[in-house]
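Visitor: Quick one: the structure is below, and I'll ask about it shortly.
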Amino acid sequence: MRIDRFIPLYSTGLYMKLYNVKLLTVTCEILAQKNIIEILKKHEITGYTTYEVEGNGARGLRGQGFKNEKNVKVEVIMREDKLSDVVEEISRTMFANFALVLYVSDVSVVRTEKF
């Protein structure tokens, strides 16, 4: 894994290594959440964060009505070698049937053993 940069630890003169990884973010209707998590598990990704969100988009204002009309955001920090397979499967199996937005960001982490 490539080291992105070093950051100083306050005024100690010591530096901490930061490693490049990817942040996959999927915002989707709550009915798609189970499918997203199943895809992650299929690709041996067990760490993720989910939370309910509200917003307005092509399908109007969402997240304020009934439970099945809510939106969720799923965030996953992962190594780049698994990213393309996960994105491809989500795109292929879910875009046609669910309200879903997917994007990828570059992030840096201190502990790589978690990803």
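Visitor: When the range 30-65 is examined, which residues are found to be part of a strand (DSSP E or B), charged (D, E, K, R) and at pLDDT below 90?
Guide: The initial filter retains those residues of the range 30-65 that are part of a strand (DSSP E or B), namely 49-53, 55-57, 60-62.
Keeping just the survivors that are charged (D, E, K, R) gives 52, 62.
Scanning the range 30-65 gives a single hit, 62.
Visitor: Scan the range 68-90 and report the pairs whose first residue is on the phi > 0 side of the Ramachandran plot and touching a residue at least 40 places away in the same chain (Cβ under 8 Å) and whose second residue is open to solvent by 80 Å² or more (accessible area, probe 1.4 Å) and among the polar types (S, T, N, Q), with Cβ atoms within less than 7 Å and a gap of 6+ or a chain change.
Guide: none
Visitor: A follow-up question, please. If you go through the range 89-101, how many residues are under 22 Å from residue 69 (Cβ atoms) and either part of a loop (DSSP other than H, G, I, E, B) or open to solvent by less than 40 Å² (accessible area, probe 1.4 Å) (or both)?
Guide: Adding up the residues that qualify gives 8.
Visitor: Out of the range 72-88, which residues are closer than 12 Å to residue 37 by Cα and outside any strand (DSSP E or B)?
Guide: 86
The values are calculated or read from the model by the stated rules, or taken from the named source; none is laboratory data. Here the structure is a predicted model, which is why all the values come from computation and not from measurement. Cβ coordinates were reconstructed from backbone atoms using ideal geometry, including for glycine residues, and neighbour counts include every protein chain displayed. Just so you know, the surface numbers come from the protein's heavy atoms only, side chains and all, with ligands and any DNA or RNA stripped out. Shrake-Rupley method; radii C 1.70, N 1.55, O 1.52, S 1.80 Å.
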